[in-house]
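All remarks here apply to the structure that follows.
Derivation of every value follows stated rules applied to the coordinates shown; laboratory data play no part. Only a predicted model underlies this, so the values are computations on that prediction, with no experimental measurement involved. Here the Cβ is made from the backbone with ideal geometry for all residues, glycine too, and neighbour counts use every protein chain on show.
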Amino acid sequence: MRNVDMSVTLAGMTMKNPVVVASGTFGFGREYGALYPIDELGGICVKGLTFQRREGNPPPRIAETPMGILNSVGLQNPGVDGFIADELPELKKHDLRIIANISGNTPEEYGIMCEKLSAAGVDMIEVNISCPNVKAGGLQYGVVPEMAAEVTEQAKRHSTVPVMVKLSPNVTDITEIARAVEGAGADAVSLINTLRGMRIDVKTRRPVLHQNTGGLSGPAVLPVAVRMVWEVSNAVRIPVLGMGGIAKGEDAAQMMLAGATAVAVGTACFADPFAPLRVRDGLAAIAAEQGLERVSQLTGQVQPW
Ligand SMILES: Cc1cc2nc3c(=O)[nH]c(=O)nc-3n(C[C@H](O)[C@H](O)[C@H](O)COP(=O)(O)O)c2cc1C
């Protein structure tokens, strides 16, 4: 079988392959790093960082659903300074791209975090304006185009590395938000974050999550994610990191055909820590079968009816 060039370039950042791990599903790489060299990955989107450290929401905060999970973790993390001091030096020992995922309470907080992370030497900043599980910041910035643009502007002004904005699927028209952040200078967009959902225990009549609602992810959301990646790719000129439900090579190939330059694997890592490597190898096999020299030749090549 032909040897496929798996390298891709996302907003000027080259990666040895297009598979990164999604924020909040791979921690800072320590636990998975005990199973295999994380250098095998194209990159890691680290757990969502906030200005101050956070304990997250009270349990129960994760529950299974048909072909997916519902979570309301609520950005448990050591804070941006804790990450820079304790986690980043470890990650930097590895040969993979480091994408810092951030959530702020105010546009100014996003700016300060971007300044610190740029100076600390991450490769890219992923601006989360789409977390459905926190009260301040998060989702509220992701559903109003003007607010999404304001946060993007702050992030860009205070960053020396590319800024990728993570979009929420919890909107009527995701292309409207994508255009707003592109207009504000975003270098790339990533999508989708989780879809707001709810599960109720019929016996106790209580929601299964302590926060009542949570974010749905996993294979159940793949078709929604592919549709949104397709819509956004056709609406903006900046590149797209596609995610949502990817568990195998074929899923990643769909996402790239829909327009994604690279892909992220999230929930699938919980079921199988090796899922990102399986996705990478499956994608390489599909590209080889189709006679491609480079995996990037898949991007945007869907042939709509
Ligand atoms: C437990 C959990 C925690 C998450 N934490 C974050 C986070 O901190 N920041 C963020 O931008 N997205 C977070 N996400 C969303 C994922 O990065 C991803 O966008 C989403 O789960 C869809 O991909 P998947 O179906 O492959 O998991 C989280 C998802 C899960 C399941």
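Return the percentage of antiparallel bridges among DSSP beta bridges fully within the stretch 8-298, rounded to the nearest 5 %. Approximately 40 percent, going by the DSSP bridge assignments. Would the stretch 49-110 count as rounded, prolate or oblate if I go by the C-alpha gyration tensor, calling it rounded below 1.5 in a/c and otherwise prolate when a/b exceeds b/c, oblate otherwise? Because a/c hits 1.5 or more and a/b fails to exceed b/c, the stretch 49-110 counts as oblate.
Could you tell me which of the pairs Lys16/Lys156; Lys16/Lys93; Lys16/Lys116; Lys116/Lys156 are separated by over 18 angstrom between their Cα atoms in the structure shown?
On the way: Lys16/Lys156 26 Å; Lys16/Lys93 16 Å; Lys16/Lys116 26 Å; Lys116/Lys156 13 Å.
Those over the limit are Lys16/Lys156; Lys16/Lys116.
Working note: Karplus 6.51/-1.76/1.60 with θ = phi - 60° gives the stretch 108-120 the couplings 5, 4, 4, x, 4, 5, 4, 4, 4, 6, 4, 5, 6 Hz, where Gly and Pro are set to x. Amide H to amide H distances under 5 Å link Thr213 with no residue, where only residues 5 or more positions off or on other chains count and H is placed in the peptide plane. Annotation: the residues Asp5, Asp95, sorted from fewest to most other C-beta atoms within 10 Å of their own C-beta, follow the order Asp95, Asp5.
State whether the chain is rounded, prolate or oblate according to the following rule on the C-alpha gyration tensor (a ≥ b ≥ c being the square roots of its eigenvalues): a/c under 1.5 gives rounded; otherwise a/b larger than b/c gives prolate, and the remaining case gives oblate. The shape class here is rounded. Taking θ as phi - 60° and the Karplus parameters 6.51, -1.76 and 1.60, the scalar couplings of the stretch 167-172 work out to 8, 8, x, 8, 9, 6 Hz in sequence order, x denoting glycine and proline. Considering only Met124, Met67, Met255, the mean-square fluctuation computed in a Gaussian network model of the chain, springs between alpha carbons under 10 angstrom, is largest for Met67. For the stretch 126-265, the square roots a ≥ b ≥ c of the C-alpha gyration tensor eigenvalues yield an a/c of 1.5 or more together with a/b not exceeding b/c, which makes the shape oblate. Spin-label model, Ile112 to Glu176: label points 7 Å out along the Cα-to-beta-carbon direction sit 3.2 nm apart. Comparing Val21, Val127, Val236 in a Gaussian network model of the chain (Cα springs below 10 Å), the most mobile by mean-square fluctuation is Val236.
Placing dummy labels 7 Å off each Cα toward the beta-carbon, the span from Asp81 to Asn105 is 1.5 nm.
Only aspartates and glutamates eight or more places from Lys203 in sequence, or on another chain, were considered; those with a Cα closer than 18 Å are Glu64.
Each label point was placed 7 Å from the Cα along the Cα-to-Cβ direction; for Asn3 and Lys93 their separation is 3.0 nm. For Gly121, nonlocal amide neighbours, meaning residues 5 or more places apart or on other chains whose placed amide H falls under 5 Å from its own, do not occur.
Cα centroid distance between the stretch 113-191 and the stretch 276-305, in Å? With the stretch 113-191 and the stretch 276-305 each reduced to a Cα centre, they are spaced 28 Å.
Taking Val171, Val229, Val163 as the candidate residues, the one with maximal mean-square fluctuation in a Gaussian network model of the chain, Cα springs under 10 Å, is Val171.
Across the stretch 8-298, Cα pairs under 8 Å and at least six residues apart give a relative contact order of 19 percent. Per-residue ellipticity at 222 nm, computed for the chain from helices alone with -39500 (n - 2.57) per DSSP H run of at least four residues, works out to -9000 deg cm²/dmol. Inter-part distance, the stretch 1-78 to the stretch 231-272, computed on C-alpha centroids, equals 13 Å.
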